[in-house]
1. Between a residue in the range 225-237 that is without any contact (Cβ under 8 Å) to a residue 40 or more places away in the chain and any residue that is surrounded by 12 or more Cβ atoms within 10 Å (Cβ to Cβ) and of a type in the set (D, E, K, R), which pairs come within a Cβ distance under 7 Å, given they are 6 or more apart or on different chains?
2. Considering only the range 358-391, state which residues are at pLDDT 90 or above, buried (at least 21 other Cβ atoms within 10 Å of the Cβ) and not in a helix (DSSP H, G or I).
3. If you check Phe289, Phe255, which single one turns out to be in a helix (DSSP H, G or I), among the aromatic types (Phe, Trp, Tyr) and within 15 Å of Leu211 (Cα to Cα)?
4. Could you tell me whether Leu408 is under 19 Å from Thr209 (Cβ atoms) and either at pLDDT 95 or above or in contact with a Leu (Cβ under 6 Å, 6 or more places away or on another chain) (or both)?
5. Given the criterion touching a His at 6+ places or on another chain (Cβ under 6 Å), within 22 Å of Phe340 (Cβ to Cβ) and hydrophobic (A, V, I, L, M, F, W, C), identify the matching residue among Leu253, Leu284, Leu309, Leu276.
6. Let me confirm something: among Val355, Val341, which residue is closer than 24 Å to Tyr432 by Cα and modelled with pLDDT under 95?
7. It is to be established whether one or more residues within the range 398-421 are among the basic types (Lys, Arg) and part of a helix (DSSP H, G or I).
8. Among the numbered criteria (1) touching a Gly at 6+ places or on another chain (Cβ under 6 Å); (2) in a helix (DSSP H, G or I), which one does Thr202 miss?
Amino acid sequence: MSSSAAESYFTQVQFQAKAGLCARLAVYKLDSDERREEGPGAFVLRHRGHAASISHDDHPPINPHEREEDTPTGQSELLSQRPVQNGSASEKTKGSLEGEEEQRGEEERSADEGFMGMTPLLQAHHAMERMEEFVHKVSTHTHHAMERMEEFVHKMWEGRWRVIPHDVLPDWLKDNDYLLHGHRPPMPSFRACFKSIFRIHTETGNIWTHLLGCLFFLGLGIVYMFRPNMSFVAPLQEKVAIGMFFLGAILCLSFSWLFHTVYCHSEGVSRVFSKLDYSGIAFLIVGSFVPWLYYSFYCSPQPCFIYLLVVCILGISAIIVSQCDFFATPQYRGVRAGVFVGLGLSGVVPTLHFVISEGLLRATTMGQMGWLLLMAALYITGACLYAARIPERFFPGKCDIWFHSHQLFHILVLAGAFVHFHGVSNLQEFRYTAGGGCAEYEGPL
C-alpha cells in the first residue's frame, strides 16, 4: 500500500471514530436534559429498547416474587401457610433473593452508565489518541520507505542500464520509427541522464555535436567580443550586433544538447526541454539576421530598423507556436521544419532589396551574398533531412547510432552557423576598411 493510500484509509477510520464519539455525547446530553425535566426519580431504559419513562414516585419497583407469573398460585398459598418455625429459613432465602436482585439492579445501572456514562467517553478519547499516534507512525514509516525505494531506483538507474529497442519504449519516447535499436530507457534521475552522455545510444551523436558546438561558439564569442576597439568603426554598436548572433547560437546549441540529454527523464521534463529546444532555433535564426541587416543597410537605418522589427515579430510568433504541446509530437515533424524554414526564408525580402539596390555583382562581393546563400542552403537541407527522416527511412535499423537524420541536421546547423559567422566577419572587415563613411558610398534605400 502506498503512503497516500494508507493515509487516506486511516483518515477515514479516524473520521468514523470521531463521528461515533460525537453521537454518543449528543445522546448523553439529550438524556441529561430529559432527566432534568422529568425529575430526579425518572430513568430511561435506553439500551433495552424501552421508549416509555417510568416514574419512581408513581410506580414503585415491583418485586419479581410478588408477580403471579413468576410464582404459581398454589405455591404462594403454601408459602403463606408455612409454620412460623420456617420463618428464619424463608427470611434467609428471601434476603438472598433480594440481594441478588439488588446486585442485578446495580449491574443494570452500571450497564446504563457504561453505555451512556462518561467512562466510555474517556476510553474512546484515549482510543482516539492511540489511533492518531498509530496513524502518524504508519504514515511516517511509509514515507521513509517510499524515500528509500526512490533512492534505490535512482541508484539502480545510475549504476547499470541497457539500451532497449524502439517497440518497448513508452509512447512519449517514440519519435522516430526507423531507429529500431539502441534507445535509452526512461531514467527518472538527472544524474543518470547526464552520465548517459558517455554511453553509446541513439542520442550520443545528437548530444555531442551540439555540446562541442556550444563550447566552440562560446569560446569564439568571448575572443571576438574582447577584440580591441580599434578593430571596429563603432565598437559598441558592432559588438552588440555580432553579440546577438553569438547569443542566439549559444542558446540554440545549449538548449539542444540539454534536451537530448534529459528528454528520457520523464514526460514532463521532455515536454519542457523540447519547448526550450524549439525556442533556441528561433533565437539562432533571429540572431543571425541582426548583424547581416546591420552591415548590409549600414547607411540606411530606416529599412534596417523595419526589417529587424519584422524579423523579431516573426521570431516571437514562432516561439509562441512552439510552446503548444502538439508541436512536439511526431505527427507535426513536418510542421516544425516548415515553421523554422519559413522564418529563415523571411530574409528573402531584405536580400532582394539589397540586390536590387546594389546590383548582383556588388551584392556578391561587398555584401557577401554567396556566404549568406550557402548558409541558407545548409539550414534548409538539414531541415529537409530532419522532416523526411533520411537516410534511416531507406535503411531502417542501419543508422540507429550514427548518421541518422537528426545527427545530420545538427551537423548542418553547426556548419551553417559557422558559415554565417564567416560572412559577417567579412562584412565587418569591409566596413572597417571603408572607414564607416557613407558620403562616397550610396547605400541602399
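The values are calculated or read from the model by the stated rules, or taken from the named source; none is laboratory data. Quick caveat, the model's predicted, so the values are computed rather than measured. Neighbour counts are summed over all protein chains in view; Cβ atoms, including those assigned to glycine, are modelled from backbone coordinates with ideal geometry.
1. Short answer, once both residue conditions are applied: Met225/Lys239.
2. Residue satisfying the conditions is Arg389 alone.
3. Answer to the selection: Phe255.
4. Details: under 19 Å from Thr209 (Cβ atoms): yes; either at pLDDT 95 or above or in contact with a Leu (Cβ under 6 Å, 6 or more places away or on another chain) (or both): yes.
Against the criterion (under 19 Å from Thr209 (Cβ atoms) and either at pLDDT 95 or above or in contact with a Leu (Cβ under 6 Å, 6 or more places away or on another chain) (or both)), Leu408 qualifies.
5. Answer to the selection: Leu253.
6. Exactly one residue qualifies, and that residue is Val355.
7. Applying the first criterion (among the basic types (Lys, Arg)) to the range 398-421 yields 398.
Narrowing further to those that are part of a helix (DSSP H, G or I): none.
So far as the range 398-421 goes, no, none of its residues is among the basic types (Lys, Arg) and part of a helix (DSSP H, G or I).
8. With respect to (1) touching a Gly at 6+ places or on another chain (Cβ under 6 Å); (2) in a helix (DSSP H, G or I), Thr202 is out only on (2).
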